[in-house]
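Input: a single structure, listed below in structure tokens.
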Amino acid sequence: MICTRTLIFLLFIFCFTAKSHGQTAEKLFGEESTKFSFVLQPSILRGYELGIGPERVTDKTPGISFNNSFSPQFGFFYNFYQKNNFNFKAGIIAKAFIPTFNLHIPNDILNAGYDYSSGLDHFEMANQFVISETFKTEYFYNITDKLNLVIGLGISLDIRTSGGNDQLTVGIYDYNQETYQTIFSVESNEQQVTGSIDFSLGLNYKTNFGLFQLEFFSNSQLLSYPKQGIYQFHLNQQEPQIGVYTIKGDYIGLAVIFTPAQGWLKKKSKV
């Protein structure tokens, strides 16, 4: 992550001194394209930390792991100002926030008369959307008359909707005791409002229909993380095993951005 940020930062500085040829951002958005851009960006939610609590002292105790969950994201930008090769835009992106985790408990420890080893996975810690109010600056470096390298840097205010599980329990049916028992519980503290920073690197291409842009992006939380808490295993033959976790709420993915050409609705109606 540090290497990626350093590379993008150096490329961003390079843009201030590099000479550009052909179409500038100012011409593209001022004369040829509309100010609105539509965004679709499939991504992966990642960034987790596990800490061991004071009562968890051996390597043979149960554990948990988090998954890198898929996150569909969509929204729009308004390209409100351009100067030479710089484009300044603001918009709203809706991001799925569904962190999931797996439980790892050996059968000899669980001792429930049934093999649960393949069934204790993909439990949802939360199921909600993040509404990101984003401000972003892009630099267009011209490659050909229609193709540009695009380097972006943005910041976002992230607001989470309802759907975060502040308390969650996992239970199984014990076939030996013929009873239902809780084997795991987790409590979490959720930050409803956080901030994030976004780096992107990609290409855009001008067509008669509009401007198409494809970019790789990395989004990282700033200052605070969206979800932290304590988890605990409840197993009959052992003392409660306690640990702590942090969900950072970072994303990486690809963004597809389409900015229609000016008058594209009129052109479409004439066809």
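Semi-axis lengths, largest first, of the ellipsoid equivalent to region 103-178 are 50, 19, 8 Å, with √(5λ) applied to each eigenvalue of the Cα gyration tensor. Spin-label pair Lys83-Asp166: with each label point 7 Å from Cα along the Cα-Cβ axis, the two points sit 4.6 nm from one another. Which pairs, out of Lys136/Lys227; Lys89/Lys227; Lys95/Lys227; Lys89/Lys248, put more than 21 Å between their alpha-carbon atoms? Flagged as over cut-off: Lys136/Lys227; Lys89/Lys227; Lys89/Lys248.
With R₀ set to 41 Å, the beta-carbon distance separating Ile242 from Ala94 gives a calculated FRET efficiency near 0.70.
Here the dipole of region 170-271 is about 1280 debye; that uses its Cα centre as origin and unit charges on the Cβ of Lys and Arg (positive) and Asp and Glu (negative).
Loop-located GluC sites (Glu not before Pro) in region 163-220 (DSSP state other than H, G, I, E, B) with a sparse environment of at most 11 neighbouring Cβ atoms within 10 Å: Glu178. Values of log10 I(q)/I(0) for region 67-205 across q = 0.15, 0.17, 0.19 Å⁻¹ run -0.85, -0.97, -1.10, by the Debye formula with one identical scatterer at each alpha carbon and no solvent.
Distances between placed amide hydrogens fall under 5 Å for Met125 paired with Thr100, Phe101, all partners being 5 or more residues away or on another chain.
Under 5 Å from the amide H of Ile143 lie the amide H atoms of Asn148, Leu149, each residue being 5 or more positions distant or on a separate chain, with H modelled from the backbone and absent for Pro and chain starts. Rolling a 1.4 Å probe over the protein heavy atoms leaves Tyr81 with an accessible area of roughly 110 Å². Rolling a 1.4 angstrom probe over region 166-271 with all protein chains present gives an accessible area of which 57% lies on carbon and sulfur atoms.
For region 172-215, applying the loop criterion from DSSP together with a ceiling of 11 other beta carbons within 10 Å to the chymotrypsin sites (Phe, Trp or Tyr not before Pro) yields Tyr175.
The values are calculated or read from the model by the stated rules, or taken from the named source; none is laboratory data. Remember, it's a predicted structure, so these values are computed and weren't measured experimentally. Cβ sites come from the backbone with ideal geometry, for glycine too, and all protein chains shown count toward neighbours. Calculation scope for accessible area: heavy atoms of the full protein, side chains included, ligands and nucleic acids excluded. Shrake-Rupley method; radii C 1.70, N 1.55, O 1.52, S 1.80 Å.
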